[in-house]
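Below is one structure, written out as structure tokens; comments come after it.
The values are calculated or read from the model by the stated rules, or taken from the named source; none is laboratory data. Note that this is a predicted model, so its numbers are computed, not measured. Ideal geometry is used to build each Cβ from the backbone, glycine not excepted, and the neighbour counts take in all protein chains shown.
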Amino acid sequence: MTYGIYFDREAPVEALRQALHAIYTVPLELVYVGPYEELNDHPGPDPVALITPADGQFGHEFSAGEKLHKLTNASELELAQAICRVVGTRALLDDGSPAPDYWFLVAADGSYGRVQTDPDSDELAVLYALEPITGEPDLPVMPPPDWSRTW
């Protein structure tokens, strides 16, 4: 199990870290916050999760592996939903489809749905939803093409 979640940059990074601790009792010292380049200088124990800066609206990249899964027993989607509810933020995570620009958008209320991101942008920018998302009522919805409806 690996985690690759992008949280909205408007969320304070410390709030994301604190939420992981509050929800799953992950010790704060096991969550690294900062750029990858400074990870080797991290004075604490080896982290089980990293929150690093990313470009664009979803500017907090959260990554972790099996060690975090053992502590939380949560899937990537469950973890994103829980943190979004506590922090009141949004997140993007891979939807598992072969389409590189389809992602799950998790709203601040924990609801989620598939979205299309801008394939012409280097940043993760949501263009529209492929299905209605309860917590994002103002997000335009465009049905996915026929070829992708079976995913």
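Here's the yes/no breakdown for (1) surrounded by fewer than 16 Cβ atoms within 10 Å (Cβ to Cβ); (2) among the hydrophobic types (A, V, I, L, M, F, W, C):
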{"site": "Tyr3", "(1), (2)": "no, no"}
{"site": "Leu16", "(1), (2)": "no, yes"}
{"site": "Ala19", "(1), (2)": "no, yes"}
{"site": "Val26", "(1), (2)": "no, yes"}
{"site": "Val31", "(1), (2)": "no, yes"}
{"site": "Asp41", "(1), (2)": "yes, no"}
{"site": "Pro45", "(1), (2)": "yes, no"}
{"site": "Asp55", "(1), (2)": "yes, no"}
{"site": "His60", "(1), (2)": "no, no"}
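Just name the residue that is modelled with the highest pLDDT out of those in segment 113-133 that are in contact with a Phe, Trp or Tyr (Cβ under 9 Å, 6 or more places away or on another chain) and assigned to a loop (DSSP other than H, G, I, E, B).
Ile133
Are any of the residues in segment 82-98 surrounded by 15 or more Cβ atoms within 10 Å (Cβ to Cβ), of a type in the set (D, E, K, R) and touching a Ser or Thr at 6+ places or on another chain (Cβ under 8 Å)?
no
Let's see how each residue does on (1) touching a Cys at 6+ places or on another chain (Cβ under 7 Å); (2) among the hydrophobic types (A, V, I, L, M, F, W, C); (3) modelled with pLDDT of 95 or more:
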site: Pro43; (1), (2), (3): no, no, no
site: Phe62; (1), (2), (3): no, yes, yes
site: Thr72; (1), (2), (3): no, no, yes
site: Glu78; (1), (2), (3): no, no, yes
site: Ala82; (1), (2), (3): no, yes, yes
site: Leu93; (1), (2), (3): no, yes, yes
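Would you say Leu139 is over 30 Å from Ala22 (Cβ atoms) and hydrophobic (A, V, I, L, M, F, W, C)? If you could, list the steps in order and put the result at the bottom.
On the way: over 30 Å from Ala22 (Cβ atoms): no; hydrophobic (A, V, I, L, M, F, W, C): yes.
No: the conditions fail for Leu139.
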